[in-house]
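The values are calculated or read from the model by the stated rules, or taken from the named source; none is laboratory data. This is a predicted model, so every value here is computed, not measured. Positions of Cβ are backbone-derived with ideal geometry, glycine not excepted, and every protein chain shown enters the neighbour counts. Surface areas here come from the heavy atoms of the whole protein model, side chains and all, with no ligands, DNA or RNA. Shrake-Rupley method; radii C 1.70, N 1.55, O 1.52, S 1.80 Å.
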Amino acid sequence: MRIIVLGSGAGGGFPQWNCNCENCRLAWANDPRVRARTQSSVAISADGARWMLLNASPDLRQQIVATPALHPRGSQRHSPISGVFLTNGDVDHLTGLLTMREQQAFTIYGSRATLAQTSHGAFGVLNPNLVDRVEVELGARVNPGLGFTIETFAVPGKPPLYLEGAEIEQQIGAETDSTIGLEISCEGRRVHYIPGCAKVTAALAARVSGADALLFDGTTYTDDEMVRAGLSNKTAWRMGHVPMSGEGGSIAAFAKIPVGRKVFIHINNTNPVLREDSAERAEVARAGWDVGHDGMEIVL
Ligand code: MLT
Ligand code: MN
Ligand code: ZN
């Protein structure tokens, strides 16, 4: 199985169009201590010929251009991309679908809650005669006919920002079909893809135990990172993300869980691990985690 990290950034990417935070300032200046990152998406393939996207980011066109495996081949109209599996309805995971118009057949997989967001407005541009939508129940295992299977599971999450209502504080951390993780199985190999997760529960850690790779939510390093930087009044928890550090953080939660390779993805532009010479980057490496970057390829 081949896994290509198309975009390792969180919503907004790095640098973000309107941001001059400490990290973004370095990125705008092309400082060698940081690498630019596009928004959250991964591509997987069993045969190197047919690919499934895990989320479709607003940077999808740029990601396809940068990734030869995803270029059209042969006939006049072709794409190696057979489908897109969505893990939630966030803008950074959905809007790449709009890049995939132009009368191309493919399949969109997702939960009922997430697929509902792809069925109106501008998404109508995806011709229903060509683009199948497959609703996947929680806990179901899908065989897309590409040489691997994908099982869905709920993770503690949050409804998309644009659907937040008066009850949002009570909804954060709930395990519903609005935020899911994916377990990909291919020829005895097992990979977990979890780009958004508000909390690592014991059940989640147990599920991931023994996997060959874990691609996990690396949005922030500390819970109050954006608040302290004066950029937002939201903690990581309020955004539906678990921080890397601290008592309930992902590093501690997965510390004793055996996994072949632990990779942070969906990294927000404020996260200090993006500065390759930072103490936080060294700490993450010491804990056995890779910091994902665009173009990173994992072969299992
Ligand atoms: C998130 O992961 O928190 C979202 O990408 C936020 C957003 O939709 O901008
Ligand atoms: Mn996001
Ligand atoms: Zn920034």
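Out of the residues in region 244-277 meeting the condition of being of a type in the set (S, T, N, Q) and open to solvent by less than 10 Å² (accessible area, probe 1.4 Å), tell me which one is nearest to Ile172 (Cα to Cα). The extreme case among them is Ser250.
Among the residues of this structure, Ala69 counts as one that is farther than 29 Å from Ala154 by Cα, in contact with a strand residue (DSSP E or B) (Cβ under 7 Å, 6 or more places away or on another chain) and of a type in the set (Gly, Ala, Ser).
Figure legend. Inter-residue proximity from region 153-167: first residues farther than 15 Å from Ala236 by Cα and within 15 Å of ligand 2 (Cβ to nearest atom), second residues assigned to a loop (DSSP other than H, G, I, E, B) and β-branched (Val, Ile, Thr), beta-carbon distance below 9 Å, spacing 6+ or different chains. Indicated pairs: Val155/Thr87; Val155/Thr179; Val155/Val200; Val155/Thr201.
Only one of the numbered conditions (1) in contact with a Ser or Thr (Cβ under 9 Å, 6 or more places away or on another chain); (2) more than 16 Å from ligand 2 (Cβ to nearest atom); (3) hydrophobic (A, V, I, L, M, F, W, C); (4) open to solvent by less than 10 Å² (accessible area, probe 1.4 Å) is not met by Met100, and that is (4). Right, Ser245: within 21 Å of Lys158 (Cβ to Cβ) and more than 16 Å from ligand 2 (Cβ to nearest atom) or not? Judged against the criteria, Ser245 is a match. Could we say that Val284 is open to solvent by less than 50 Å² (accessible area, probe 1.4 Å), closer than 26 Å to Arg190 by Cβ and part of a helix (DSSP H, G or I) here? Judged against the criteria, Val284 is a match. Only residues that are loosely packed, with under 14 Cβ neighbours inside 10 Å and touching a strand residue (DSSP E or B) at 6+ places or on another chain (Cβ under 9 Å) were counted across region 117-132, and they come to 3. Of the residues that make up region 290-298, is at least one more than 16 Å from ligand 2 (Cβ to nearest atom), touching a Cys at 6+ places or on another chain (Cβ under 9 Å) and open to solvent by 10 Å² or more (accessible area, probe 1.4 Å)? Within region 290-298, not a single residue is more than 16 Å from ligand 2 (Cβ to nearest atom), touching a Cys at 6+ places or on another chain (Cβ under 9 Å) and open to solvent by 10 Å² or more (accessible area, probe 1.4 Å).
Does region 235-243 include one or more residues that are open to solvent by 50 Å² or more (accessible area, probe 1.4 Å), free of Cβ contacts under 8 Å to residues at least 12 places away in the same chain and assigned to a helix (DSSP H, G or I)? No - not one qualifying residue is present in region 235-243.
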